[in-house]
Amino acid sequence: MAVAVIVACVADASAYDRRVVVINNTSSAIQEFYASNTGQNDWQEDILGNEMLQPGGELTVNIDDGSGYCKYDFRAVFEDSTEATKAGVNVCEVGRFSFEE
């Protein structure tokens, strides 16, 4: 009986919530946003598509790509053509992530 309780309490990586609130705390709009798991060698599709994340804005993004990964690299391309990247963001633990100037 105790074994069943222990097994029931253990969560694997596929059970984690990978939704992250992305916050733009810069003075330039984000026109592209990418999140690729750390096992990828290239950036996946632009999550924003035709949308933009305005300065001071926030957007809830489901980062789950079905791979079971928790660590992702983030990349933002801003309206002024600058870029910002952050490697190894643990989306299973982080509920909010902000780009800062």
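The table that follows gives values for the structure above.
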| quantity | calculated |
| --- | --- |
| Among (1) 32, 28, 26; (2) 45, 29, 22; (3) 60, 28, 22, the entry derived from the coordinates for Cα extents along the principal axes in Å | (3) |
| Computed FRET value (nearest 0.05) for residue 27 with residue 65, which takes r as the C-beta separation and R₀ as 30 Å | 0.50 |
| Under-5 Å amide H pairs with residue 61, H placed in peptide plane, nonlocal only | 20, 21, 22 |
| Residue-normalised accessible area of the range 30-88, given per residue in Å² at a 1.4 Å probe | 60 |
| Gained length - residue 17 relative to residue 45, 0.36 nm times residue gap less alpha-carbon distance | 8.0 nm |
| Computed label-point distance, nm, for sites residue 93 and residue 54 using a 7 Å Cα→Cβ extension | 3.5 |
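The values are calculated or read from the model by the stated rules, or taken from the named source; none is laboratory data. All of these numbers come straight from a predicted model, not from anything done at the bench. Quick reminder, even Gly has a Cβ in these numbers, built from the backbone with ideal geometry, and neighbours come from all protein chains shown. The protein model used for the area step is the full one, side chains on, heavy atoms only, and it has no ligands, DNA or RNA in it. Shrake-Rupley method; radii C 1.70, N 1.55, O 1.52, S 1.80 Å.
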